[in-house]
1. In whole angstrom, note down how far apart the Cα centers of the stretch 581-606 and the stretch 134-199 are.
2. Quote to one decimal, in nm, the extra length available between residue 557 and residue 430 on full extension: 0.36 nm per residue of separation minus the C-alpha distance between them.
3. Between residue 634 and residue 348, what is 0.36 nm times their sequence separation minus the Cα-Cα distance? Round to one decimal in nm.
4. Subtract the Cα-Cα distance of residue 95 and residue 378 from 0.36 nm times their separation in residues, and report this length gain in nm to one decimal.
5. Sort 422, 417 so that the residue with the fewest other Cβ atoms within 10 Å of its own Cβ comes first and the one with the most comes last.
6. Would you please give the FRET efficiency between residue 619 and residue 17, computed as 1/(1 + (r/R0)^6) with r the Cβ-Cβ distance and R0 = 41 Å, to the nearest 0.05?
7. Expressed as an acute angle from 0 to 90° and rounded to the nearest 10, what is the orientation of the C-alpha long axis of helix 404-418 relative to the principal long axis of the chain?
8. With each label point set 7 Å from Cα along the Cα-Cβ vector, what nm distance links residue 144 and residue 417?
Ligand code: FAD
Ligand code: NAP
Ligand code: SF4
């Protein structure tokens, strides 16, 4: 029995097979499925995660037929020829001691192509294509396609399949009254609406035999009005072999009281401690984590070996994973640029050991220094302040970004393990850097001071004054600049900073979710309740574009909505006229306006700290710029860490 995580490392006996621990790597679409040489890349990606100790892996969604694909060239499994290609993936996982299931995903009306089908011809808000209503024959054919895909998955040596029954895809569209308006035996009452998934599971089981895992992924909270009622969800769950997917683990706990098949929960679980707690409370039999395995393929082994402080924790930013997928790019991870690039980006031992200086211990410098040292170079990391982390030390002050601390903790440990010589409180200049073979400048940025009349007025502050120096801010505030940092400062200033992280109860209240799960879909009739904002805030930008247009695809709407709830006034197309003791004078749509304010906070972007570059170059030193020092515009930590890692892999 494992001393610290007895539940997490307890094998799970499924009768015909056993899983070595209770950790499931949840399905994630990475884009590798559709890329050139994708099977080899997937083999490397999944193989590495199997080696890292996870009990069971689930692939990204693969369609059972042409109608079910996400987009015209998305992956499907309909032939032996394709199944044979998947053998590369299953072999890599099995060779590394892992087990893997293939997810069968039919998108139904969410498909982004004109062949989309659904129980009823009701267009979804997320696809421009109205689906065709499935005929009775079409339904029969679709069920057969699910069974055939499962059989092909078995041929490809998968250990099982996961049938995607949640998150609004085809099966869910049959189950939910909102999307199923049929009047035949496949629609109407709940018993008719669940006939489709029941038939699929029955036929899949018949096709694959008993010694094959079938996971049925179920939405316990649909989070849409007119979703399923609790009794309906329980009824459906009784059909399945394993039931993952609960938006929150307490929902799975409620379900555990009702049925006796292994349950898997997924949550915002990103550490072994949280996972152990859930299992210990008896909320579920397995925990599913997805993004944490992009951040660190070795997560499970590190937990098992007591090396938790070495875990590269997922900070839930979505910037490398979901934002990329929605932008139709291959997934990666902000904190681990190797994720999904396992065949191209490798940190191999150097054959030519060099003496390298890295200047600035922000995300760019930290990644470069630690990877260079891991590869065998002699590395000295200079940092002007008394701590590592650069701007992440400011970012972690923002409500919801507390986990950015974990990245600093991870790099701190890597410095120790790889033998980087860290020199804090050391601001270096050209003369300090002449004795090195290579110099990497990761000196970051300086906030821009815009040229506005009255900018030196005492009411004016920078975002560092607010977030880092914690200067007193009045009750009426304007923020100049509505980029990522302007939004963050608005969130910080309207938030009750005494209660930093929302409790689960407050989070559910704020977002209007019924904690007792009695309402239909988990949300029907429940009114979101918002705390009164701490300040009156107006957020301004000069561009005519939509506010927050540069924020992440998957998180931007959350930020906008969150600020709207806090009555933050958001104004675009603003011209700043002047600042004086009364406040901020602007012109907008030809009209002059005065905002009477206590403070004006400047979040107007940044400029690069690159003044060491040319003088070093002039001395004939091999010098490189990365992160904010290279380019301040469109900078984010994803680029900073990626640049640092890629340069370090090459030198
Ligand atoms: P920096 O982090 O600026 O680090 C530069 C380091 O160099 C500093 O520690 C500095 O002290 C040191 N230095 C400078 N000159 C010298 C010298 N001469 N000698 C020694 N040391 C020196 N990014 C995201 O991707 N997602 C987010 O959600 C996000 N949120 C943010 C929220 C806030 C409030 C802020 C301020 C930033 C946020 N960012 C976010 C941006 C992110 O932090 C930066 O993109 C990233 O830190 C840039 O990394 P860097 O290493 O290039 O520079
Ligand atoms: P930013 O995103 O470039 O935004 C700068 C803002 O300042 C813009 O709204 C810009 O709008 C305004 N501005 C620029 N020049 C100005 C001037 N001379 N006078 C007045 N206003 C001016 O930069 P940032 O907010 O400082 O963020 C820095 C980086 O950190 C960004 O690249 C961002 O991606 C990253 N970050 C990301 C997140 C995230 O959640 N993903 C959060 C925080 C930070 P106008 O030109 O229209 O006025
Ligand atoms: Fe987690 Fe961000 Fe990496 Fe996605 S990109 S896995 S959310 S750290």
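1. 56 Å
2. 41.3 nm
3. Extra length available between residue 634 and residue 348 comes to 100.0 nm.
4. Taking 0.36 nm per residue and subtracting the Cα distance, the gain is 98.4 nm.
5. Fewest-to-most ranking of 422, 417: 417, 422.
6. Calculated transfer efficiency: 0.05.
7. Tilt of helix 404-418: around 80 degrees.
8. 5.3 nm
No value in this document is a laboratory result; all are computed from the given coordinates. Treat the numbers as computed from the prediction; the structure is a model and nothing was measured. Positions of Cβ are backbone-derived with ideal geometry, glycine not excepted, and every protein chain shown enters the neighbour counts.
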